[in-house]
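First up is the structure itself, then whatever we jot down about it.
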Amino acid sequence: MKAIIIKYKSEIIGAALGAIAGWCYWYFVGCSSGSCAITSSPVNSTLYGVFMGGVLGSVFKKKDKQYQKK
């Protein structure tokens with residue numbers, strides 16, 4: 001378990017920050033009419049934030065030396 005957390009540290013941090021940002025976006029901006037697919041529900045907005053934060057966090061991941069080309 002500890003090895004998995006260390007291996008995916010940047011994705012986990014990005015997902016956590018994305019969840020916070022997604023919920024804050026729903027709370028402060030949101031969609032009052034309910035017609036917006038993502039921002040009308042706090043669950044949808046938070047899950048979208050988790051996904052986007054994880055993707056963005058993977059950009060900052062260090063590459064393994066084994067797979068780097070010289």
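Summary of values
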| item | result |
| --- | --- |
| Residue match in segment 46-60 (condition: β-branched (Val, Ile, Thr), without any contact (Cβ under 8 Å) to a residue 40 or more places away in the chain and exposed (fewer than 10 other Cβ atoms within 10 Å of the Cβ)) | yes |
| Residue pairs meeting the criteria (Cβ under 6 Å; at least 6 apart or on separate chains; first more than 12 Å from SER45 (Cα to Cα), in segment 11-34; second among the polar types (S, T, N, Q) and assigned to a helix (DSSP H, G or I)) | GLU11/SER58 |
| Lone unmet requirement of (1) crowded, with 16+ Cβ neighbours inside 10 Å; (2) assigned to a helix (DSSP H, G or I) for THR39 | (2) |
| Hits in segment 1-39 - residues which are modelled with pLDDT of 90 or more, more than 27 Å from PHE60 (Cα to Cα) and of a type in the set (Ser, Thr, Tyr) | TYR27 |
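The values are calculated or read from the model by the stated rules, or taken from the named source; none is laboratory data. Note that this is a predicted model, so its numbers are computed, not measured. Methodologically, a virtual Cβ is constructed for each residue, glycine included, from the backbone with ideal geometry; neighbour enumeration extends over all protein chains shown.
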